[in-house]
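Visitor: There's a structure below that I have some questions on.
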Amino acid sequence: MLGVASQLFVENGPDVPFTEIAKKAGVGVGTVYRHFPTREALISAAYASELDAVCQAAAELLAQMPPAAALRAWMGRFIDYMTMKIGLTAAIQSVVAAGGNPYARSRERLDEALEVLLGAMVATGEARPEVPADDVLMTLSGIAMAAGAPEQREQAERMVDLLVAGILVR
């Protein structure tokens, strides 16, 4: 349900009717209201779900592939996450206006996910140890803002490849 809500908030803004979210998610509208009594609660939960998914992906990818490949795959997921986050701006502004702070630990959690990936690469001798996770995160964020539209994905992928090349030991 949260993925559907995120998608609809991105496509239609923060005022998507709960009935539409429920219908697309295949649940009753009562289910939506029972779990999320306010629009702000649903928006916050949708954003938190997307953040959780990208952060958890770091360990999941490392379990499936070598560290450098896991980092590169995670970076692609991060670009998707940032594109969604940018699309949710109007919806998240309503949460902030109501006194919420959905971004409270976002940067810290994303840095931690990147540190896991970079640490694994350093341990295998693939990455330069002096590369700070936060610098990589801010660079990825800039790439997503500059080339996050679907029609720019090819360019974003090339830019991410350049970033990865800068992280690798030569």
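Visitor: Looking at (1) over 22 Å from GLU126 (Cα atoms); (2) touching a residue at least 12 places away in the same chain (Cβ under 8 Å); (3) among the small types (Gly, Ala, Ser); (4) surrounded by fewer than 21 Cβ atoms within 10 Å (Cβ to Cβ), which is the only condition SER6 fails?
Guide: Single failed check for SER6: (4).
Visitor: Which ones in segment 65-90 are free of Cβ contacts under 8 Å to residues at least 24 places away in the same chain and of a type in the set (Ser, Thr, Tyr)?
Guide: Within segment 65-90, just THR89 meets the criteria.
Visitor: What about LEU62, is it buried (at least 21 other Cβ atoms within 10 Å of the Cβ), touching a residue at least 24 places away in the same chain (Cβ under 8 Å) and of a type in the set (A, V, I, L, M)? Write out each step before concluding.
Guide: Numbers: buried (at least 21 other Cβ atoms within 10 Å of the Cβ): no; touching a residue at least 24 places away in the same chain (Cβ under 8 Å): yes; of a type in the set (A, V, I, L, M): yes.
Against the criterion (buried (at least 21 other Cβ atoms within 10 Å of the Cβ), touching a residue at least 24 places away in the same chain (Cβ under 8 Å) and of a type in the set (A, V, I, L, M)), LEU62 does not qualify.
Visitor: In addition: Scan segment 84-118 residue by residue and report those that are over 25 Å from ALA156 (Cβ atoms) and part of a helix (DSSP H, G or I). Spell out the reasoning first.
Guide: Residues of segment 84-118 that are over 25 Å from ALA156 (Cβ atoms), as a first pass: 94-101, 104-105.
Listed by number, the residues that qualify are SER94, VAL95, VAL96, ALA97.
Visitor: Take PRO14 and decide whether it is at pLDDT below 95 and either buried (at least 16 other Cβ atoms within 10 Å of the Cβ) or assigned to a helix (DSSP H, G or I) (or both).
Guide: Numbers: at pLDDT below 95: yes; either buried (at least 16 other Cβ atoms within 10 Å of the Cβ) or assigned to a helix (DSSP H, G or I) (or both): yes.
For PRO14, the condition - at pLDDT below 95 and either buried (at least 16 other Cβ atoms within 10 Å of the Cβ) or assigned to a helix (DSSP H, G or I) (or both) - is met.
The values are calculated or read from the model by the stated rules, or taken from the named source; none is laboratory data. This is a predicted model, so every value here is computed, not measured. Neighbour counts are summed over all protein chains in view; Cβ atoms, including those assigned to glycine, are modelled from backbone coordinates with ideal geometry.
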